Each structure stands twice: as C-alpha cells, then as structure tokens.
Amino acid sequence: MSPSRIHPTAIISPDAEIAADVEVGAFAIIGEGCTVGPGSVIAPRATLERNVTLGRSVMVGIGTVLGGAPQDLKYAGEETTVEIDDGTVIREYATINRGTAHSFKTTVGKNCLLMSYVHIGHDCRIGNSVILSNLVQLAGHVSIEDKAIISGVSAVHQFARIGRHSFIGGMSRVSKDIPPFLKAVGNPVKLYGLNTVGLQRSGMDDDTIRELKRAYRLLFRSEMNVTQAMERAQTELEPLPEVQELIRFVEASERGVVI
C-alpha cells in the first residue's frame, strides 16, 4: 500500500484489506472486515463501517456511508455484508445498509451509477448498469434488474421488483413491481408504454420492440383480466426471449405489477 495515496487523517482497521493503488481521502474511515479492490477511490469523510467489499475501480463519494447496520427491528447483530461490484460509482452522501438474516447481504452490481443521497436498504439486490438518480430511496429487499433507471426523488416499497431495462420517472412512489422494458411514473405510479428510447439505445432491433409493444397492449391495455391476457399472450405473440421474459415477470410477481 502506497502511503502517498492514503491521507494521514484516514482511519483504517488493521484487518481491512486494501489494494496497493487505492486512494483514501481525508478523515475517511474503513472499518473491520472491509476489502477494497484495485483502482478504487474512497473520498474524504466517506465511511465503510464494516463488512464491506468493493470490487475494482469503485468510486465512493464524500460523506457516503456503506455497511451501516440494517434499519430493521428484527436485526439481532448477525454478521452481514455489503458487496459492490467493479466499476460502480457512488456519489456523495449515499447510504447502503448491510443485509439481515433474510439473505445476509446487500449487493450492487457492475458499472452502476448511484447519485447523491441515494439510500439502499438491507437485503436489496441491484443488477448491473443500473442508474439511481438523486434522492432515490429503496426500502429493504428491493430487487432491481440490469440497466433499469430510476429518476430522482422516487421511493420504492420493500420487496418490490424493478424489471430489466425499465424506466421510472421522477418523484414516483413505487409500491408494486415494474415489469421489464416499460416506462412508469407517478404517485401512485402507473405504466406509460414501452421504454422505446432506452431499448433503441441498448441496440434492441425494431422487430423485437414492435412485438414488445404488442405484448404491452395485450397484457396491460386490453379489457381482459390478467389470466385471460396471459393465455392470449402465449398463443398470439412471437415467442421472442424478451417477450417471454416479460410474461414470466408478470407470472412470478408476488406484489402484483403496476398497470
């Protein structure tokens, strides 16, 4: 570990494992059981409280607190963790709590962007390339799949699930599951069609986008109930992987999906 990369006022637990090229700013704290991967940067006054694992090239912003105890009355001091994968950027004053005995860990995937004042509660599962804008607040046990985007000042209810490539507009209150590939916004939140721009930017072909639009109209904008719509979807829609993913998401939803 190069002393020049670690500010003399930083406090680092003797059992913390820190790669040689990690930068640690003034008054930062790295607690017991923490591991910081190569190329990572811990900004001034950031805190890795305990049992936090950072992958390669993770950026932790000023005043951020990772690995705080879960805000759950059932938590009884179990050894739980926070795991942040490679290339993720966490901006200033974000907070990510450790897991509980439910899953024992809170995880954030690769190449995510968590903007200022984001909160991620205990036992959350965040996929790869997810963007959480300023002041997004996730309750415990939330699951967000790859490349989803949640706009600023939005809140997500515990155990809710956010599907892949979905987009949630600002100041939304998400109390149910958001299916993949769709747009949603509001308080209470409602669906507003396919996330066409996001899907085009990701390289999805026009034929798949058209079939997903058909699936959206059938599942969420027809006069049929969910059971009838699902039966029709299986017979009338092209069995593309993305269409099947959307159908399976709706079938597996435990909280119910937003409509």
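The values are calculated or read from the model by the stated rules, or taken from the named source; none is laboratory data. From a predicted model like this one, the values you see are computed outputs, not experimental measurements. Counting neighbours? That spans all protein chains shown, and the Cβs are built from the backbone with ideal geometry, glycine included. Ligands, DNA and RNA are excluded from the accessible area calculation, which covers all protein heavy atoms including side chains. Shrake-Rupley method; radii C 1.70, N 1.55, O 1.52, S 1.80 Å.
Filtered by the rule that a residue be touching a His at 6+ places or on another chain (Cβ under 9 Å) and closer than 20 Å to Gly31 by Cα, segment 80-102 gives Thr80, Ala94, Thr95, Ile96, Asn97, Arg98, Gly99, Thr100. For Met204, the conditions (1) surrounded by 13 or more Cβ atoms within 10 Å (Cβ to Cβ); (2) under 16 Å from Pro179 (Cα atoms); (3) at pLDDT 95 or above all hold with the exception of (2). Scanning segment 201-259 for residues that are part of a loop (DSSP other than H, G, I, E, B), within 21 Å of Ala148 (Cα to Cα) and free of Cβ contacts under 8 Å to residues at least 12 places away in the same chain gives Gly203, Asp205. Selection of segment 176-200 for residues being buried (at least 16 other Cβ atoms within 10 Å of the Cβ) and part of a loop (DSSP other than H, G, I, E, B) yields Lys176, Pro179, Pro180, Phe181, Asn195. Only one of the numbered conditions (1) at pLDDT 95 or above; (2) in contact with a Leu (Cβ under 9 Å, 6 or more places away or on another chain); (3) charged (D, E, K, R) is violated by Arg221, and that is (1). Scanning segment 111-147 for residues that are open to solvent by 10 Å² or more (accessible area, probe 1.4 Å), within 16 Å of Val58 (Cα to Cα), in a strand (DSSP E or B) and touching a residue at least 24 places away in the same chain (Cβ under 8 Å) returns a single hit, Leu113. Screening Asp123 with (1) in contact with a strand residue (DSSP E or B) (Cβ under 7 Å, 6 or more places away or on another chain); (2) on the phi < 0 side of the Ramachandran plot gives one miss only, at (2). Scanning segment 148-164 for residues that are touching a helix residue (DSSP H, G or I) at 6+ places or on another chain (Cβ under 9 Å), assigned to a strand (DSSP E or B) and open to solvent by 10 Å² or more (accessible area, probe 1.4 Å) turns up at least one hit.
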